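All remarks here apply to the structure that follows.
The values are calculated or read from the model by the stated rules, or taken from the named source; none is laboratory data. Not measured: the values here are computed from a predicted model. Cβ sites come from the backbone with ideal geometry, for glycine too, and all protein chains shown count toward neighbours. Side chains included, ligands, DNA and RNA excluded: accessible areas come from the protein's heavy atoms. Shrake-Rupley method; radii C 1.70, N 1.55, O 1.52, S 1.80 Å.
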Amino acid sequence: MDANSSQPGSTTPVACGRRVANVLYFLTAIFFLVYLFVYYWTAEGGPVRLALALVPITFVLVTLDDLRKNDLYPRLPPAANYLIAAAYIAISVAVSVYMFVEYEEIGTVRAGVWNAPDLIMGSLMTLLIMEYTRKRLMPLFILNVILILYAVYGSIVPGMFFHPGLSWERIASAMSVEMSTGVFANLPQLALTLIGSFILVLAALRAFGCVDSILKLSKRIAVRSPHALPQSAVLGSMAVGTVSGSGAANAITVGSATIPAMIGAGMPRPVAAAIETASSLGGQLMPPVMGIAAFLMAEFLNTSYFDVVARGYAPAIIYYLGVSVSVYLLSTRYRARLGTVVPQTMGWSDWTNIGAFIAVVGGLIGIMAVLHLAPMFAAIYVFLGVGSVLVVAHALVTARARRPWRSFAEKLGNFVDFFAEMTADLTLLLATLSIMTGALVITGVPTKIGSLLIDAAGVNLAAMVVVAFFFGALLGMGLPPAPTYIVTALVVVPPFIKIGVNPWVVHFFAFFVAVWGEVTPPTSVSAAVTSKIAETSFMQTLFRALTICISLFVLMAGVFTRPELVVEPGWDQIGAMVLVATATVGITFSIQAKFAHNAAIDIAVRLALAALALVVLLHPERDLAWLACVPVGLAVAYWVLKRRNVPVLAAAEAR
């Protein structure tokens, strides 16, 4: 390709093609945004018709986005890319129009006896989404292909996984026009409706610089002390996590500022990357916009998303407390190498952004909790209120610029771009997961694996938890958190509920296991991002991050031993939170703190502290657990008061 094709003002065919793709992308994105906004305001037509109309449009958006970035098929000539993109777009638009027009006929008159055009259109959309998966999520693509082949050729599989096999026509209908499974089912509907409405709020915050203002504030906090510098990564990720719901998004937005700051101040590169990895991971745990799996949990439990949010705060606080304690101990270890960072000046627009951020979090919680409005309507009201303030505030700021409207238009363009890109990708991801879910359901795999789980572990709860953890962790090694949660919930939850475990407990356990999958190789996107920013080893980053986010392990056990943590918000939840938090702090100190120069004494004290912390976490007698909190607290207080000035580790160990 000509090097000049990417230069501003270039008139080469490639550059012209990209400009055309960019214009088409923004026109499609504006249509997509307006269509969804009208739906959020009116809910007209219902989520099924919305998915039938817009799932194909999301593929158009992704195709145009790849085309304008030269990322569709980079190895092919530009002309081939344009022809393929034109074919994809034509097919997608045809499917969208056909499904929208034939909605009533497909869902009622021809339900169960679909005609050839119905199956052809549905199959075309399924194939396009499979191609999206092949390009973006190869492990998930391979899994879906295997499951579809198993659905068709199950008759050749021996043992309990034998089934007679399904026809290709049945597969085509299950993956598309049946609408209870497949690419137009509940999951992509969820992406376009509930999750999309929250992305609308996030897009406004991102486009108008609220995330940047949060990072500026974290730097001002960081200059207070060497300990505050690494903690700024924790606080920044915790703040951004309230509206991002993504570990990778946290790693990119917060890590781009905090990792260089920590490295520049003397923190070893792998440690700096690991701190941000563990901190970013909490973005999937932190309400009110938790990860995709939290929205899916509400769907599985057939309850309000606010019910998930209300129970999610306690585990999120415990997680970040554990990470904060780990980071404190690390910063103490490397304190002599930590300098200071130069804070950035904050103008009144930054403080307006911070206020908008606080208003978003408070507004979402308040509207859902006090007014009991559905989350989608809460998100749209918050968007209108806070978005209006941001538009006015930034219009006043840009009015003083040399070219005010260009600057303001860029912000609006960023808003449309971010919303369309994130919502489209998420919708296609969940459509992909619906293919996987449909293939599992129609072949009866969850029931069969659930039977194996019960047979392997009996009715011993601890054994079942261990088996379920390894099952979920194995999935997490190859799949992102959302599909890991779906498969774990489908397979693991029913056997646990069958023996009497509260559904909230086992679903939160599956949720934690899915989040844990984000820090297991080879699919730890957060660690990949942070190690790239820090220019250090991916595996070193991952290993160190595992020791920092030990609180996630504690939460997996804590939901079973202290079920009040997630069963019902209230005073019992607070009591359980205190116990699990105390155990988290005790276990973290036993792993990372040094209590004595003599190795034997140090190991003995650490083991004793770990044993006491496990009593707090696991012992069924609540009074004894509360009593064990006292020596744990005393041991931690002793270290803080007497050992915080321990000499810095040798340089070789610090590397």
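Model label points for residue 498 and residue 553, set 7 angstrom from Cα along the Cα-to-Cβ axis, are 3.0 nm apart. Measuring against 22 Å, Cα to Cα, the residue pairs 135/411; 532/594; 448/498; 69/135; 69/411 contain 135/411; 532/594 as the ones spanning a longer distance.
Per-peptide packing, taken as the mean over residues of other Cβ atoms within 10 Å, places 351-358, 511-518, 493-500 in the sequence 511-518, 351-358, 493-500 from highest down. A simple rule links phi to the HN-Hα coupling: the Karplus curve 6.51 cos²θ - 1.76 cosθ + 1.60 with θ = phi - 60°, which for segment 49-57 gives 5, 4, 5, 4, 7, 9, 4, x, 5 Hz, with x for Gly and Pro. Solvent-accessible surface of segment 52-126, taken per residue with a 1.4 Å probe and all protein chains present: 44 Å². For the pair residue 303 and residue 473, the difference between a 0.36 nm per residue extended length and the Cα-Cα distance amounts to 58.6 nm. Note on segment 1-132: along the principal axes its Cα atoms extend 56, 35, 18 Å, ordered by decreasing extent. From the alpha carbon centroid of segment 112-179 to that of segment 417-447 is 13 Å.
Counting only Cβ charges, +1 for Lys and Arg and -1 for Asp and Glu, the dipole size of segment 29-174 around its Cα centre is about 460 debye.
Every Cα-Cα pair in segment 515-637 was counted, and those over 25 Å apart are 37% of them.
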